[in-house]
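Student: One structure follows; several queries about it will come next.
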Amino acid sequence: ILSFFEQKVTASIKRGPLTRTLISKTSVNVDLTELGTERKPAETMLDLLLDRGERAIEVDPAVFATNPQLESRLRKLLQRSTMYKRDTGIDGLYIAFPYLIFQPLSRVVKPRIAPILLWPIKITAGVGRRGVVTIAFDREREEVRLSPALRGFLGPDDASKWQIAADEVLLGAARTSDITDAFGVLAPSRTRSL
């Protein structure tokens, strides 16, 4: 009976949202690069979040002026996250970085795009005020975790190698390039920047 349920859980993880990450104009997910401007580049915001400091990052209001649907998507993401936490007790608000593109042995299946690390964050949006949004690392849920989807499609042996690399990365302050280099040993990286 236990092996049957293990297979059911494994199958659901392989098909879950952590293995088929999609960003589109209609999705509730928000890509951090959409929030970047010349004044506040996305990579700088990411480095501040990865540093796990207490400082909140104010999103440049100019980005919402050029793309009004972005603020709506961000508020919808915050609303869904709040409802999910209220219903289940689990806070599911994370920023995913870096990503792994994995092609299963069967070439018929589309490549999987899955996050490697999940960084807990807090988003606050000004009530009654448009264009006021801050993002911060969530110090209360300080645990940065390896995506559970990796164990599902890489297997336990390879996933343990990724966990060891993650533990080494998380020992000190992390930057985009440091994290890319650390995981680049396990899988070639396309770039060292966001």
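Student: Sort through R80, R39, R55, R86 and tell me the only one that's open to solvent by 60 Å² or more (accessible area, probe 1.4 Å) and either of a type in the set (A, V, I, L, M, F, W, C) or in contact with a strand residue (DSSP E or B) (Cβ under 8 Å, 6 or more places away or on another chain) (or both).
Tutor: R55
Student: Let me spell it out: the conditions are (1) among the charged types (D, E, K, R); (2) more than 18 Å from the chain's Cα centre (by Cα); (3) in a helix (DSSP H, G or I); (4) modelled with pLDDT under 85, and E168 meets all of them except one. Which number is the exception?
Tutor: Status for E168: all satisfied but (4).
Student: Inspect all residues belonging to region 95-110 and state whether any of them is buried (at least 19 other Cβ atoms within 10 Å of the Cβ), closer than 24 Å to L186 by Cβ and of a type in the set (K, R).
Tutor: No, region 95-110 contains no residue that is buried (at least 19 other Cβ atoms within 10 Å of the Cβ), closer than 24 Å to L186 by Cβ and of a type in the set (K, R).
Student: I135 versus (1) farther than 29 Å from E58 by Cα; (2) of a type outside the set (G, A, S); (3) crowded, with 19+ Cβ neighbours inside 10 Å: which is the lone unmet condition?
Tutor: Exception for I135: condition (1).
Student: Can you pull out the residues in region 24-36 that are closer than 13 Å to I123 by Cβ and either of a type in the set (A, V, I, L, M, F, W, C) or open to solvent by less than 50 Å² (accessible area, probe 1.4 Å) (or both)?
Tutor: Once the filter is applied, which keeps residues that are closer than 13 Å to I123 by Cβ and either of a type in the set (A, V, I, L, M, F, W, C) or open to solvent by less than 50 Å² (accessible area, probe 1.4 Å) (or both), region 24-36 yields V28, V30, L32, L35.
Student: Tell me whether region 118-132 contains one or more residues that are charged (D, E, K, R), touching a helix residue (DSSP H, G or I) at 6+ places or on another chain (Cβ under 8 Å) and touching a residue at least 40 places away in the same chain (Cβ under 8 Å).
Tutor: The answer is yes; a qualifying residue exists.
Student: Something else now. Is there a residue in region 117-128 that is surrounded by 15 or more Cβ atoms within 10 Å (Cβ to Cβ) and of a type in the set (S, T, Y)?
Tutor: no
Student: Only one residue in V63, V127 is aliphatic (A, V, I, L, M) and at pLDDT below 85. Which one?
Tutor: None of the other options fit; the residue is V127.
Student: Given the options K122, K85, name the one that is modelled with pLDDT of 80 or more, in contact with an Asp or Glu (Cβ under 6 Å, 6 or more places away or on another chain) and more than 20 Å from L46 (Cα to Cα).
Tutor: Within the list K122, K85, the selection yields K85.
Student: Report those strands (runs of 3 or more DSSP E) wholly inside region 35-150 carrying at least 3 residues which are touching a Cys at 6+ places or on another chain (Cβ under 8 Å).
Tutor: Filter on region 35-150 gives an empty set.
Student: Which number in (1) under 15 Å from the mean Cα position of the chain (by Cα); (2) in contact (Cβ under 8 Å) with a residue 24 or more places away in the chain marks the one condition that E143 misses?
Tutor: Status for E143: all satisfied but (2).
The values are calculated or read from the model by the stated rules, or taken from the named source; none is laboratory data. Keep in mind it's a predicted model, so treat the numbers as computed, not measured. Positions of Cβ are backbone-derived with ideal geometry, glycine not excepted, and every protein chain shown enters the neighbour counts. Note: areas computed on protein heavy atoms with side chains; ligands, DNA, RNA excluded. Shrake-Rupley method; radii C 1.70, N 1.55, O 1.52, S 1.80 Å.
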